[in-house]
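A short write-up of the structure that comes next.
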Amino acid sequence: MTDVATLSPVVPKPAHVPDAAVYDFDMFRDPQYVADPHRRILDLVRSAPAVFWTPRNGGHWMLLSHAANFNASRDIEAFSSEFVSKTQVEAMMAHMPPGTPHIPMPYPINVNPPEHTKYRAPLQRAFSPKTILALKDSIRTLANELIDRVIDSGGCEFMAAIAEPLPVQVFLKMLGLPLERQEEYRELVRQHLSDPEPDPKNSMMKLWRITAIMRDTVVARRDNPQDDIISLLWKTEIDGKPITMDDMENYCVVLFIAGLDTVMNGMGHGVRHLAQNPEFQDDLRKNPQNIPVATEELLRRYTFTVPPRIVGKDMEFEGLQMKKGERAMLFLPAADLDPKEFANPEGFDIKRDKPHIAFNGGVHRCLGSHLARVELQVLYEQMLARLPPFRLDPQRAPTFHCGHVIGVDSLYLTWKV
């Protein structure tokens, strides 16, 4: 468990923040959070204000309630995704030495409409339900290959054996990157997501490393297109003009970071729940037709992304004064455990009729949600069809990491052979 001494320093409370709106919570290092994230989230939902300001990690807002997250995700002027504007990037470049490479900007995630709309549109086809459905058989084949490697062992460390290689290899093939560099790519993503208070210079260096590691493939696909997303993007026009290398770098950093991390954590949380609930496992084995709705309830119960936003203007939100430039976190995991929206939120009920917001909402709703759903459903189908009843290894408790993604680091499973 993380020691309290490692919590980030406390910063002074801004004058406009009332004492009643302050709650001391470190979204990266809170000991109870790191030990068992969703149990701690349930505690926050019960004990913390629906919207609060925390003095940790430089000081920022946390939006817990479903209503606050729903409204904020749809108000892009009030809660902007544009942390650094195009004008600011151009000003930074003007002060750089001649020959300084382009500073990649994660498009379309870190821009607002209309820029967001025109940069997201070319990706819609690559992630459409029809395109993703065509991948289902290959995803199932890979899932079975990974299960084959561990089925006779009586157990495995699930994250390394299945949860990481399955979505990562699927996405590397979609993007057009070589599978043999998987570990190298994953390490870069881990570094990128690990900073509580990202330093602009360090963030820039990490983005440069990502574009550098992809550059050979990006150039190769420009000169010799293949059947992959990078090749597809090279055929795209932005504002009626051919796409540039700068545009490609902007696309590639966001695809690289999102595609090589997110889904594996959903798999970890979902399989942990299955391992802890043998009766539910048994029921899904007998009724596999329920796996799609069970997948949705697992996504709600264990929502795991915390998108950052920047307050776009001085305003009042949920009865609180917020100032332009302050940071705010869409705490989607808490929103999906809000008792005002979901009766008995800690319970697991595949008959719920209210949609979750695990994939966020508004214009920034997750582009890869169709892919995530197919991967999760196929994984659960194959594990339940092929493995004996599995449970958590009683000798090795699961471990987690927190931050903008609530991730499972290790998940040891055991079963009878």
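Accessible area per residue was computed with a 1.4 Å probe on protein heavy atoms; I103 scores about 10 Å².
In terms of packing, defined here as the mean over residues of other Cβ atoms within 10 angstrom, the peptides 31-37, 304-310, 150-156 line up highest first as 304-310, 31-37, 150-156. Rounded to the nearest whole Hz, the Karplus-based 3J(HN,Hα) values (6.51 cos²θ - 1.76 cosθ + 1.60, θ = phi - 60°) of segment 112-128 follow the sequence 9, x, x, 4, 4, 4, 6, 8, 7, 3, x, 8, 4, 5, 5, 10, 5, with x at glycine and proline.
Rounded to the nearest whole Hz, the Karplus-based 3J(HN,Hα) values (6.51 cos²θ - 1.76 cosθ + 1.60, θ = phi - 60°) of segment 272-281 follow the sequence 4, 4, 4, 5, 7, 10, x, 5, 5, 4, with x at glycine and proline. Each label point was placed 7 Å from the Cα along the Cα-to-Cβ direction; for E184 and T6 their separation is 2.9 nm. Report the FRET efficiency, 1/(1 + (r/R0)^6), for H102 and A35, where r is their Cβ-Cβ distance and R0 is 56 Å, rounded to 0.05. According to the calculation, E is roughly 0.85. Legend: residues R39, R301, R140, sorted from most to least accessible area (1.4 Å probe; ligands, DNA and RNA excluded), read R39, R140, R301. What is the sum of charges, Lys and Arg at +1 and Asp and Glu at -1, for the other residues whose Cβ falls under 12 Å from the Cβ of R140? Local charge sum for R140: -2. Per-residue 3J(HN,Hα) values for segment 146-157, derived from phi via the Karplus relation 6.51 cos²θ - 1.76 cosθ + 1.60 with θ = phi - 60°, read 5, 5, 4, 6, 10, 4, 8, 8, x, x, 6, 8 Hz in sequence order (x marks Gly and Pro).
State the percentage of accessible surface on the chain attributable to carbon and sulfur atoms; use a 1.4 Å probe and exclude ligands, DNA and RNA.
Whole-percent figure for carbon plus sulfur exposure: 53.
Other residues whose C-beta falls under 15 angstrom from the C-beta of M264 contribute a net charge of -3, scoring Lys and Arg +1 and Asp and Glu -1.
The values are calculated or read from the model by the stated rules, or taken from the named source; none is laboratory data. Note that this is a predicted model, so its numbers are computed, not measured. Every residue, glycine among them, receives a Cβ derived from its backbone with ideal geometry; neighbour counts consider all protein chains shown. To get the accessible areas, we keep the full protein, side chains included, count just its heavy atoms, and leave off ligands, DNA and RNA. Shrake-Rupley method; radii C 1.70, N 1.55, O 1.52, S 1.80 Å.
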